[in-house]
Ligand code: COA
């Protein structure tokens with residue numbers, strides 16, 4: 001696959017993906033979005049990968065937003081198409097990945113950058129991280145799922161305040177609101193992501209995939225999350241990893257997933 005704006009490294013069943021436009025603070029232009037969508041499609045099927053870590057190149061930014069220079073002249077129709085395509089081919093696709101995606105937020109995560117982190121399943125950040133949805137300062141609203149996913153994570157009141165003020169949160173505040181789950185020094189961020197990935201990989205990949213789907217189902221229109229949970233709970237029993245997990249427990253040994 002030809003990628004010019006993404007770095008990919010696979011090691012010990014972890015795929016490390018870095019958005020690599022540091023001079024533009026990793027802003028999401030057309031090419032980055034296309035490459036991200038294509039890559040996540042591939043990683044979703046890649047049996048050699050069990051956890052994906054998404055981060056930004058350089059020390060300053062995770063992603064400072066959608067590339068403003070690309071849409072500054074857009075019409076309403078073009079704006080709608082941009083949002084629809086981005087949501088469907090990138091942001092929803094990341095959210096629907098059947099293996100955990102960890103956002104390692106290493107600096108600014110603004111606008112589309114925060115929305116990218118919101119599409120991931122877990123977020124950790126370095127102490128220098130700054131997060132926000134400043135779109136209203138540009139005369140537009142978040143268009144890559146931010147008006148939905150931010151309230152789901154931190155509550156409607158806090159999310160509304162952030163969106164209508166456009167202000168940035170620091171890592172400490174983000175931790176308090178539940179937007180992120182850990183804050184560490186920047187030099188420790190990737191090692192922390194690796195430790196988290198290792199913990200996840202002690203568990204059954206099938207059960208993890210089922211759990212991700214069950215959790216997501218509660219936020220889908222017209223889907224009964226409790227019913228989905230019952231079905232997915234049942235489905236786990238016919239999977240060999242359930243046998244391995246329960247036999248390992250009863251045999252007082254560590255499960256080998
Ligand atoms: N789109 C396009 N280019 C961007 C960008 C974005 N979202 N964010 C940063 N850049 C570019 C800058 O234009 C600049 O390019 P240049 O060197 O060719 O002039 C480069 O990245 C470095 O950014 P700069 O603004 O000089 O860095 P800074 O440290 O002074 O400020 C930010 C950092 C994040 C506060 C500032 O870049 C910013 O406000 N970015 C836009 C954030 C935003 O509104 N995002 C939501 C978009 S929907």
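Quick note: the coordinates plus some simple rules give every number you see, no bench work behind them. Because the structure is predicted, anything quoted here is derived from the model rather than measured. Because the Cβ atoms are built from the backbone with ideal geometry, glycine has one as well, and the counts that use them run over all protein chains shown.
Put simply, the C-alpha atoms of the stretch 132-257 give a gyration tensor, and the ellipsoid matching it has half-axes of 36, 22, 10 Å, longest first.
What is the antiparallel percent of DSSP beta bridges lying wholly in the chain, to the nearest 5? Here the antiparallel bridges make up roughly 25 percent for the chain.
Largest mean-square fluctuation among 11, 182, 152, in a Gaussian network model of the chain whose springs join Cα atoms under 10 Å apart, belongs to 11. Working from Cα positions, state the angle (0 to 90°, nearest 10) between the long axis of helix 225-236 and the longest principal axis of the chain. Roughly 40 degrees between the two axes. Relative to the longest principal axis of the Cα atoms of the chain, the long axis of helix 189-201 lies at roughly 30 degrees.
Across q = 0.32, 0.33, 0.34 Å⁻¹, the stretch 205-250 modelled as identical point scatterers on its alpha-carbon atoms has Debye log10 I(q)/I(0) values of -1.10, -1.13, -1.16, in the order of the q list.
In the chain, helices alone account for a calculated mean residue ellipticity at 222 nm of -13500 deg cm²/dmol, with every DSSP H run of four or more residues adding -39,500 (n - 2.57).
Here the simple spin-label model places points 7 Å from the Cα toward Cβ, and for residue 223 and residue 73 these points are separated by 4.0 nm. Whole-percent P(r), the chain, all Cα pairs, 5 Å bins from 0: 1, 6, 13, 17, 19, 17, 12, 8, 4, 2, 1, 0, 0. Rounded to 0.05, the FRET efficiency of the residue 252 and residue 191 pair, given R0 = 25 Å and the Cβ-Cβ distance, is 0.20. Taking the C-alpha atoms only, the angle from helix 205-217 to the longest principal axis of the chain is near 50 degrees.
Packing order of peptides 191-197, 135-141, highest average first: 191-197, 135-141 (average count of other Cβ atoms within 10 Å over each peptide's residues). Take 92-98, 212-218, 222-228 and order them by the average number of nearby Cβ atoms within 10 Å per residue, most first; the result is 92-98, 212-218, 222-228.
Based on C-alpha pairs under 8 angstrom that are at least 6 apart in sequence, the stretch 22-83 has a relative contact order of 52 percent. Mean separation of Cα pairs under 8 Å and 6 or more residues apart, divided by the residue count, gives the chain a relative contact order of 15 percent. With the highest mean first, a sort of the peptides 234-242, 64-72 on other beta-carbon atoms found within 10 angstrom per residue produces 64-72, 234-242.
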